[in-house]
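The values are calculated or read from the model by the stated rules, or taken from the named source; none is laboratory data. Everything numeric here is computed off the predicted structure, so don't read it as measured data. Don't worry about glycine lacking a Cβ; one is built from the backbone with ideal geometry, like all the others, and counts go over all protein chains shown. Just so you know, the surface numbers come from the protein's heavy atoms only, side chains and all, with ligands and any DNA or RNA stripped out. Shrake-Rupley method; radii C 1.70, N 1.55, O 1.52, S 1.80 Å.
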Amino acid sequence: MLITCPRCESKARIATSKAITKETREAYCQCLNLNCGVIFVTYTSVCRIIEPTGQKPNPELQPELCKSEDINQVELFALEL
């Protein structure tokens, strides 16, 4: 997903994110404009459910959706800088 840089209005990428709550994620973003390159943080939240199913993913059918977050991706992002 690409978003707009708040400084230069170029495209920016989400490098990594972490869960704050079940409904909110904190995303670490970087501007793709080489002359800007600003790094910033955004928050994404669920505001409403459009079509509830009520079922959680089946670990046997969708194991990638049931992984635990063993790796701290925010620390990995900080090492890239």
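Quick notes on this structure:
- Selection status of T53, of a type in the set (S, T, Y) and modelled with pLDDT of 75 or more: no
- Residues of the stretch 38-57 that are in a strand (DSSP E or B) and either of a type in the set (D, E, K, R) or over 22 Å from I20 (Cα atoms) (or both): none at all.
- Extreme residue, farthest from the chain's Cα centre (by Cα), among residues of the stretch 1-45 that are open to solvent by 80 Å² or more (accessible area, probe 1.4 Å) and of a type in the set (A, V, I, L, M, F, W, C): L34
- Near pairs, Cβ below 9 angstrom, 6+ apart or cross-chain, from the stretch 1-29 (in contact (Cβ under 8 Å) with a residue 60 or more places away in the chain) to any residue that is of a type outside the set (S, T, N, Q) and part of a strand (DSSP E or B): A15/A27; A15/Y28; A15/C29; A15/I39; T16/A27; T16/Y28
- E60, sole failed condition from (1) exposed (fewer than 10 other Cβ atoms within 10 Å of the Cβ); (2) assigned to a loop (DSSP other than H, G, I, E, B); (3) at pLDDT below 75: (3)
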